[in-house]
Amino acid sequence: MSSGRPIATTRSAAGMPTGRLAVWWVIASEIVIFGGLLASYVMYRLAHDAFAEQAAHTNTWIGAFNTFVLLTSSLMAVQAHKAADEGDGPRAARFLQLTAAGGLLFAVVKAFEWTDEIRHGFTITSSTFWSFYYTAAGLHAAHVLAGVVILLIVAASAKRSVELHRVELIGIYWHFVDVVWIFLFPLLYIAK
Amino acid sequence: MSNHDAGEGHAESGAHAHHGPYVRIWAILLALLVVSVAGPLVAALIEHRPTAIAITLSTAFGIAVVKAYMVVKNFMHIDFTKRFVPYLVVTMVLFMVLLFAGTAPDVMKVKGLNWEKPAWIEANAEAAAHPAGAHGAHGDHGESGH
Amino acid sequence: MATQTMTAGAAGEAHAAHAEQTFWQRYVFSTDHKTIAMQYLFTGMAMAVLGGFFSYVFRMQMAYPGAEVPFWGIVTPAAYNTLITNHGAIMIFWVAMPVLIAAFGNYLIPLMLGCDDMVFPRLNRLSYQIFLLSVLVLFSSFFVKGGGFGGAWTVYPPLSSKAEYNLTPGGSTIFLIAVALEFVAFLMGGINFITTAMNSRAPGMKMYDIPMVVWTIVLASILFMGSVGPLVAGAVMLIFDQTIGTAFFDPNRGGDPILWQHLFWFFGHPEVYVVLLPALGIVAEIITVFSRKKLFAYRTAIYVAIATCVLSFTVWAHHQFIAGIDPRMANIFTVTTLLISVPVAQMMLVYIATLYGGSITFTTPMLWALGFIATFLLGGVTGIFLGTAGSDIYFHDTYFVLAHFHYTFYPIAIIGSFAGFTFWFPKMFGRMLNETLGKIHFWVTITAFSGTFLPLFVTGILGDNRRIPDHRIYPELDTPMLNGLREFATISMVIMLLVQFVFVFNVVWSLRRGKKAGKNPWKANTLEWTADSPPPHGNWKDLPRVYRGPYEYSVPGRSEDYWPQDVPN
């Protein structure tokens, strides 16, 4: 697999490794996807007073707990990066698995939160606020779940101490997912 | 936790990033999280409405920006990549500001300029904003909401 | 870790071992950038045939309303809507983008930068596979209940979001999914292009030694990436509106259809420049080679391309002047729209200044490049009427708009592609195209193209609306003059389609009987001409070094009038 890697991949005329460069471009393309959705949300939120009434029904404590979970998993990801830089693959793998566990916990909490809200009649079609709520948080949750899968794959290779540079790359992505939630949390939960 | 050796960082961006005091940064992030949740609760106690809104917005969004900056700087090591990466990120955010600036004058204008919005549309929109099945029975959503 | 120590020669041997591959490994599941480029190129050409056939059917309906169209039958209003919608979407998303960006980008970027492949070959293959999937998804939309989507390629809600309005409940959702998949494919491809261009240049190649076409394809990829995000989000919102009954764009329930228009055109207008820029780059390469001159103001041309990118983010609402947008914003968007004509005009002046005093040879690719400049100028100039809010209110949704954007897109997508294809054909397949057939093809195509769209400017000024499937029910649109112009346009258009058989014959004949091309038939400077024709897997035995810029033609004091980038002195 690695013998088929072209020479092009090993060059770094821009002064940084190819993988890191590409991950930043991925993040650039993600910024505009989330940015477009959140800009639309903010416009509606400011224009319609009904949004504030509906937003009052979201549960700040669950949102805050999930923020805590994601921030902690980010800490684990960056510790994995540090371990990988020190060449300690198995230690990096353990931290990555903890990161993935954080992501899964986030998804489970979200599942319970949504179940509760749907039982109270707040479904995606209830009003435009709830449509945005489920769409934005759902798009973010999809990123979390995709991240968990990639984290576990990278952890498996890091355990054997191969391709350790990947640890940093998945970390950058994971922190980005964290940053998106840092903005979603006040937008959907706090500002009432 | 390595010391901050500025010279090395400039010479070799392809090498490992500087690893800072991650646990301390994480603790600061958590403290900021507590402030951002407490802010609106404090604001709810304040009678003066504009002050309350100012507190809510600054604690919610001001702190979100600070938190995001800390994560991007310390965890994503944006200052150890080449200079164009922060420029790229800022450019993408600016595009979104541009989108907002061009779109908001239309989308946020619920009332027209030279036309009347028919009353039945208002009525429908009102009905849609207050869904039937969503009344009451959410006391366990532990939130004062104002 | 072995890769880091592997020398270029060893890589060449490693690649030689790949020679004994099965047909499937070699042509279908290959990760080689040239194979993927060919896959994109031929998929794009096949889609162009389909899009061209659609336009033939509805143009026949325009000229001979109600008559039975050969190879199709009677054109019903619903079929008419589906045909024009899919013609537009196919030509932009499944022809212009795969051919101009993906095919030429995949083929040229590694070869022009002197590296053996893209930086992420498997991502590259996945990008094509997702693109192919999007094609199949689009095809499937034609066969569901209600048929293919017929609400125009702009997918405006509420027409697109409510089945009771568009009558294509399945087709409209499948259409959106196909477009979204296509975006995913091009985001992947774009990241690959950008990373390759930034990181994998040959040793010695500086920023300003990169050929124009690589610059423009990479800038186009960045532009695409920066503008498409809001539309991806918007597409998700619209699919939810269609399928599970949310009300993001439903004014009746608190949504706003204008929001979709903004999200769409925030992408849709930069998209024009996404396809324009690669065509500009291709033309720049061809003009320098065939006038044996340095590209006039190479750095300025790059800055101009960047300025076009930045400005293109600020002009989008000129598509919505009659949509009920804020009149004050219409003023702003008029100004920015007229402003963007400055860098584009500057680019045209760069080409004309390059031609000035050159020793010009009128080969087929050069004719296509000159044809691009001539026709695109007319397309750009007519845009000024539409970019100005005052006159756009009169012209909006007439055939004038249609003729205008065909006078921009046709030079970009068709003339630009033919220019690039005929120019790099010797490199791609190792044989020369027949010049006589190529010139016949060029002159008939460009004459018939003008014959098709010049009359439509006139019908547009006379007030002909472009959404009407049958003009006979509007007496004021059923005059002898309008009908004559429509018929003239349709006949020209059929001639234009028929003459493409000359091109197909030329390609097939040249592939077998064409003159052997050799490495550098045009005596050009850029790196791809130093590889074998066609280049083997891995492109070079020893990867080249670069010593100078790409446009050192007719340098005084040298015996030859060109100076390849990889020659030390």
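The values are calculated or read from the model by the stated rules, or taken from the named source; none is laboratory data. What you see is a predicted model, and the numbers here were worked out from it, not measured in a lab. Glycine gets a Cβ as well: all are built from the backbone with ideal geometry, and neighbour counts include every protein chain shown.
Could you grab me the full set of residues in segment B:92-111 that are within 8 Å of chain A (Cβ to nearest Cβ) and under 20 Å from the mean Cα position of the chain (by Cα)?
The answer is B:92, B:93, B:95, B:96, B:99, B:100, B:103, B:104, B:108.
Against the condition over 22 Å from the mean Cα position of the chain (by Cα) and of a type in the set (S, T, N, Q), how does residue C:76 come out, does it pass?
Yes; evaluated as a whole, the condition is true for this residue.
Specify the residue that is nearest to residue C:294 (Cα to Cα); the eligible residues are those in segment C:342-398 that are aromatic (Phe, Trp, Tyr) and outside any loop (DSSP other than H, G, I, E, B).
C:351
Provide a single number: the residues in segment A:77-128 that are within 30 Å of residue C:247 (Cα to Cα), more than 8 Å from chain B (Cβ to nearest Cβ) and crowded, with 24+ Cβ neighbours inside 10 Å.
1
May I ask you to say which residue of C:512, C:467 is surrounded by fewer than 20 Cβ atoms within 10 Å (Cβ to Cβ) and part of a loop (DSSP other than H, G, I, E, B)?
Just one listed residue meets the conditions, C:467.
Within segment C:321-331, is there a residue that is assigned to a loop (DSSP other than H, G, I, E, B), of a type in the set (Gly, Ala, Ser) and at positive phi?
yes
Kindly indicate whether residue C:19 is out of contact with any Asp or Glu (no Cβ under 6 Å at 6 or more places or on another chain), small (Gly, Ala, Ser) and at pLDDT below 95.
yes
Condition (residue is over 26 Å from residue C:184 (Cα atoms) and hydrophobic (A, V, I, L, M, F, W, C)) applied to segment A:132-140: is it met by at least one residue?
no
Can you name the residue in segment C:520-569 that is more than 27 Å from the chain's Cα centre (by Cα) and aromatic (Phe, Trp, Tyr) and, of all such residues, is surrounded by the fewest Cβ atoms within 10 Å (Cβ to Cβ)?
My answer is C:547.
So, of the residues in segment B:34-82 that are of a type in the set (Lys, Arg) and at pLDDT 85 or above, which turns out to be nearest to residue A:59 (Cα to Cα)?
Within segment B:34-82, the match that is nearest to residue A:59 (Cα to Cα) is B:67.
Look through segment C:205-214, keep the residues that are crowded, with 24+ Cβ neighbours inside 10 Å and either more than 11 Å from chain A (Cβ to nearest Cβ) or among the β-branched types (Val, Ile, Thr) (or both), and return whichever of them is farthest from residue C:183 (Cα to Cα).
Filtering first and then ranking leaves C:211.
Go over the candidates B:18, B:4 one by one and state the one that is surrounded by 15 or more Cβ atoms within 10 Å (Cβ to Cβ), more than 8 Å from chain A (Cβ to nearest Cβ) and either in a loop (DSSP other than H, G, I, E, B) or at pLDDT below 90 (or both).
Being surrounded by 15 or more Cβ atoms within 10 Å (Cβ to Cβ), more than 8 Å from chain A (Cβ to nearest Cβ) and either in a loop (DSSP other than H, G, I, E, B) or at pLDDT below 90 (or both) holds for just one of B:18, B:4, which is B:18.
Kindly provide the set of residues from segment C:201-254 that are β-branched (Val, Ile, Thr) and assigned to a loop (DSSP other than H, G, I, E, B), ordered by number.
Hits for segment C:201-254 are C:210, C:244, C:246.
Do we find that residue A:14 is small (Gly, Ala, Ser), surrounded by fewer than 24 Cβ atoms within 10 Å (Cβ to Cβ), assigned to a loop (DSSP other than H, G, I, E, B) and within 14 Å of chain C (Cβ to nearest Cβ) in this structure?
yes
Just the residues that are away from every other protein chain (no Cβ under 14 Å) and β-branched (Val, Ile, Thr), please, taken from segment C:91-150.
Listed by number, the residues that qualify are C:92, C:95, C:99, C:101, C:130, C:135, C:137, C:144.
Just to check your reading of the model, which residue among A:180, A:154 is within 20 Å of the chain's Cα centre (by Cα), modelled with pLDDT of 95 or more, farther than 15 Å from residue A:97 by Cβ and more than 7 Å from every other protein chain (Cβ to nearest Cβ)?
A:180
Listed residues C:231, C:280, C:276, C:259; which is at the interface with chain A (Cβ under 10 Å from one of its Cβ atoms) and farther than 19 Å from residue C:177 by Cα?
Only one candidate qualifies: C:259.
Kindly state which helices (runs of 4 or more DSSP H) lie completely within segment C:87-200 and contain at least 3 residues that are touching a residue at least 24 places away in the same chain (Cβ under 8 Å) and buried (at least 23 other Cβ atoms within 10 Å of the Cβ).
C:104-113, C:121-141, C:169-199
Find the residue count for segment C:255-308, including only residues that are more than 21 Å from residue C:209 (Cβ to Cβ), part of a helix (DSSP H, G or I) and of a type outside the set (Phe, Trp, Tyr).
The qualifying residues number 17.
Of all the residues that make up segment B:42-73, how many are within 10 Å of chain A (Cβ to nearest Cβ), under 24 Å from residue A:178 (Cβ atoms) and not small (Gly, Ala, Ser)?
Selection size over segment B:42-73: 12.
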